[in-house]
1. Go through A:44, A:20 for me and flag whichever is in the same structural domain as residue A:145 (by TED's automatic domain parsing), over 20 Å from residue A:178 (Cα atoms), of a type outside the set (Gly, Ala, Ser) and not in a strand (DSSP E or B).
2. Please pick out the residue among B:100, B:50 that is touching a helix residue (DSSP H, G or I) at 6+ places or on another chain (Cβ under 6 Å), assigned by TED's automatic domain parsing to the domain that holds residue B:132, open to solvent by less than 40 Å² (accessible area, probe 1.4 Å) and touching a residue at least 60 places away in the same chain (Cβ under 8 Å).
3. So which residues in region B:266-279 are open to solvent by less than 10 Å² (accessible area, probe 1.4 Å) and within 22 Å of residue B:331 (Cα to Cα)?
4. Being closer than 14 Å to residue B:82 by Cα and of a type in the set (D, E, K, R) is the filter here; which residues of region A:19-60 pass it?
5. Of all residues in region A:120-141, which are open to solvent by 30 Å² or more (accessible area, probe 1.4 Å), more than 16 Å from the chain's Cα centre (by Cα) and within 23 Å of residue A:94 (Cβ to Cβ)?
6. Hey, any hits in region B:84-97 for a residue that's within 20 Å of residue B:278 (Cα to Cα) and open to solvent by 50 Å² or more (accessible area, probe 1.4 Å)?
7. Would you confirm whether or not region B:36-55 contains a residue that is more than 9 Å from chain A (Cβ to nearest Cβ) and in contact with a Pro (Cβ under 7 Å, 6 or more places away or on another chain)?
2 protein chains.
Amino acid sequence: MTQAAIDPAKLDQMAEVIVRVGLNLQSGQDLIITASTDALPLLRPVVAAAYRAGAGVVTPILSDDAVTLALYEHGHDASFDKAPNWLYEAMGKAFGENVARLAIKGDNPMLLASQDPAKVARQGKANSIASKPASARITNFDINWNVTAYPSPAWAAQVFPDLPVDEAQLRLAEAVFAASRLNFPDPVAEWARHNAELRARTEWLNARSFHALRYRGPGTDLTLGLADGHAWKGGSSKARNGVTCNPNVPTEEVFTTPHAHRVDGTVRATKPLAYQGSLIEGIEVRFEAGRIVEAKASAGEAVFRELIATDEGAARLGEVALVPHSSPISQTGLLFYNTLFDENAASHIALGQCYSDCFDDSNLSADELARRGGNSSLIHVDWMIGSAEIDIDGLSSDGTATPVMRGGEWA
Amino acid sequence: MTQAAIDPAKLDQMAEVIVRVGLNLQSGQDLIITASTDALPLLRPVVAAAYRAGAGVVTPILSDDAVTLALYEHGHDASFDKAPNWLYEAMGKAFGENVARLAIKGDNPMLLASQDPAKVARQGKANSIASKPASARITNFDINWNVTAYPSPAWAAQVFPDLPVDEAQLRLAEAVFAASRLNFPDPVAEWARHNAELRARTEWLNARSFHALRYRGPGTDLTLGLADGHAWKGGSSKARNGVTCNPNVPTEEVFTTPHAHRVDGTVRATKPLAYQGSLIEGIEVRFEAGRIVEAKASAGEAVFRELIATDEGAARLGEVALVPHSSPISQTGLLFYNTLFDENAASHIALGQCYSDCFDDSNLSADELARRGGNSSLIHVDWMIGSAEIDIDGLSSDGTATPVMRGGEWA
């Protein structure tokens with residue numbers, strides 16, 4: 001019996017889209033790829049595509065679920081507060097020297113589900129602190145970068161727990177490839193069309209320069225201030241090194257920076273949040289002056305509380321994103337347990353660090369960023385609040401309301 | 001039909017020997033593991049064993065044969081002179097901060113056999129130069145380190161080309177585990193006994209403090225001067241960080257530093273040399289005043305010539321090692337295509353960089369090292385010259401000869 005397997009030609013096509021559209025890798029440019037060993041079947045064609053595109057040196061930095069788990073199963077207590085600083089510092093230095101960056105997700109999103117949430121949080125925080133030299137280069141958009149995903153068996157088994165794993169993988173692969181727009185005669189041309197559509201949305205929003213957004217729906221009545229001089233982004237965007245890339249494949253969102261001190265009201269999550277191997281369900285929070293002052297969850301509440309206690313900025317917002325409920329990813333009806341997909345299935349907000357390039361001036365000092373309402377934190381965690389029952393208005397500074405979304409669709 | 005597979009209990013045992021005997025990893029000490037993705041089945045239990053031993057953070061840096069090959073198949077010409085300097089610099093910095101180092105070999109040793117030797121040499125040189133900050137910490141023995149191997153299918157298929165691959169893997173695993181002394185009731189105690197035996201050999205050689213060694217056998221008549229104040233080492237040894245470790249598992253050799261300018265005569269290799277994916281066979285060279293002045297090989301001569309032309313020190317010797325022909329690894333009669341095994345099956349010499357701790361004073365300056373005859377180079381390549389037909393005498397400075405080996409055995 002031959003086991004069903006992902007078509008290698010499809011992986012080659014995915015690799016081309018990642019390298020040409022996602023990264024827009026430049027001739028002679030070096031590339032660092034962080035990936036799970038589960039993602040090797042996509043990593044290999046990506047490396048080949050990168051060299052075909054003229055890459056200098058391509059260096060994979062591979063993680064492995066069993067290695068990660070070994071820490072939790074055998075590690076001494078002190079290890080949970082440690083991280084490989086030397087590696088993150090070096091990656092940060094490389095990004096500072098124009099090395100491009102690709103992340104291929106593919107690990108089991110629920111790997112740490114049965115581990116002690118306090119240890120998961122400590123290890124997450126240690127890695128967030130250690131990785132700052134590298135992650136700051138990404139949030140600052142210094143270089144062209146991309147995050148994508150490989151439909152690994154470990155991930156597929158979470159999304160389709162009732163299917164045999166090879167069938168689950170094929171089903172997930174179908175969804176991933178469709179969302180990545182591979183099912184068009186010319187995927188690269190289709191991405192150009194899609195990017196133009198997202199650009200039209202951002203131009204409409206930027207022209208209106210709303211002071212705040214108001215969300216209404218079941219369990220949600222939220223006024224979310226936007227940062228002073230915020231700029232909406234979406235689809236392809238130009239990094240500070242001059243290269244226009246698509247930081248996410250797939251992507252359906254337009255997003256900007258909220259005001260860290262002007263968010264008030266209640267909001268209820270519309271999808272579970274898969275965070276560092278735990279599933280946080282039924283999140284409901286209340287904001288006052290930008291900060292979460294009440295928080296509960298029907299599952300994983302301890303993990304959520306640890307998360308928002310990471311630092312001062314972890315209980316404030318760093319991103320707001322709009323995604324129509326009719327987006328192709330949303331239409332699959334699947335919970336992907338993977339932010340890259342779930343955040344592109346619904347409007348969302350993110351706790352933590354803001355993107356400094358989501359402003360009309362992309363060279364703001366840290367002080368100026370903060371003064372305009374940009375949040376700073378070790379974390380950046382997206383969290384879904386959109387559904388077919390959500391209405392969103394744009395509020396101008398005089399309080400005038402303009403419909404932005406109705407019933408989860410562009411108004 | 002169930003495929004034959006390596007017993008997981010044996011891999012756990014191997015992992016314990018690597019961590020306790022090979023590395024002697026200290027509580028709280030961090031560890032970097034370089035390994036091939038082919039070696040994941042051993043890497044995983046090693047990480048678990050390291051955490052059980054109290055490791056701080058264990059960070060694998062994985063290479064992948066398909067990724068390596070992608071450069072040769074798709075890479076632009078300029079890429080062959082490049083390497084990930086940022087990664088090697090960071091590893092060197094980590095080793096400077098007492099992070100231990102493990103290398104697990106397991107890749108296909110003939111991976112690059114059909115690639116352009118000039119490109120293989122350029123890429124090898126680029127990596128040698130780039131990795132100097134890390135490799136210098138190892139040759140200087142700053143920290144406890146170990147090199148070991150996993151009997152991967154890719155490697156086994158080279159050693160047993162006529163067997164089905166799963167059977168080949170089991171045969172190779174048997175040889176690797178036996179050589180690593182796992183077939184004793186208490187492998188750790190057996191390693192202590194073995195180390196004591198190697199120590200007795202080094203003490204005998206150090207007490208005699210020979211001026212030179214003289215090799216005679218078919219195609220070989222070589223007088224190999226030893227560095228001034230050289231010290232023989234073998235088995236376990238104390239690194240500069242104070243930790244006593246076994247840098248190689250397995251190991252059968254005692255070794256020291258030859259004099260870079262006092263090697264004269266001819267020598268014929270007794271085994272093929274597997275170097276960066278090429279097989280170099282029938283090597284015959286003539287030395288004059290320490291330098292190779294004539295070189296030929298019946299196969300792979302171009303690769304060998306590229307190798308010794310790497311830099312000034314690449315045509316001179318940096319290590320001489322004695323291994324009895326009756327060593328357990330030699331008795332397998334196998335060509336392993338892997339230096340760690342082949343060098344422990346026969347007496348050998350190494351082209352290139354010397355080990356600065358193979359001296360009676362382990363804190364010599366670079367100038368003093370060179371003055372005493374220590375060689376320096378970007379490369380360090382071991383090369384087998386021992387067999388059952390080789391006699392070796394130790395020569396004192398007045399020319400008196402003392403039998404050291406007769407017919408490949410300790411005299």
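The values are calculated or read from the model by the stated rules, or taken from the named source; none is laboratory data. Just so you know, these numbers come straight off a predicted model, no measurement behind them. Cβ placement follows ideal geometry from the backbone for every residue including glycine, while neighbour counts extend to all protein chains displayed. Side chains included, ligands, DNA and RNA excluded: accessible areas come from the protein's heavy atoms. Shrake-Rupley method; radii C 1.70, N 1.55, O 1.52, S 1.80 Å.
1. Sole residue among the options that is in the same structural domain as residue A:145 (by TED's automatic domain parsing), over 20 Å from residue A:178 (Cα atoms), of a type outside the set (Gly, Ala, Ser) and not in a strand (DSSP E or B): A:44.
2. The conditions single out B:100.
3. Across region B:266-279, the qualifying residue is only B:273.
4. The answer is A:30, and nothing else.
5. Within region A:120-141, A:127, A:129, A:132, A:133 qualify.
6. No, because not a single residue in region B:84-97 is within 20 Å of residue B:278 (Cα to Cα) and open to solvent by 50 Å² or more (accessible area, probe 1.4 Å).
7. For region B:36-55, residues more than 9 Å from chain A (Cβ to nearest Cβ) and in contact with a Pro (Cβ under 7 Å, 6 or more places away or on another chain): absent.
The rows are residues; the columns are (1) assigned by TED's automatic domain parsing to the domain that holds residue B:89; (2) not in a loop (DSSP other than H, G, I, E, B).
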{"position": "B:104", "(1), (2)": "yes, yes"}
{"position": "B:111", "(1), (2)": "yes, no"}
{"position": "B:136", "(1), (2)": "yes, yes"}
{"position": "B:163", "(1), (2)": "yes, no"}
{"position": "B:172", "(1), (2)": "yes, yes"}
{"position": "B:193", "(1), (2)": "no, yes"}
{"position": "B:200", "(1), (2)": "no, yes"}
{"position": "B:215", "(1), (2)": "no, yes"}
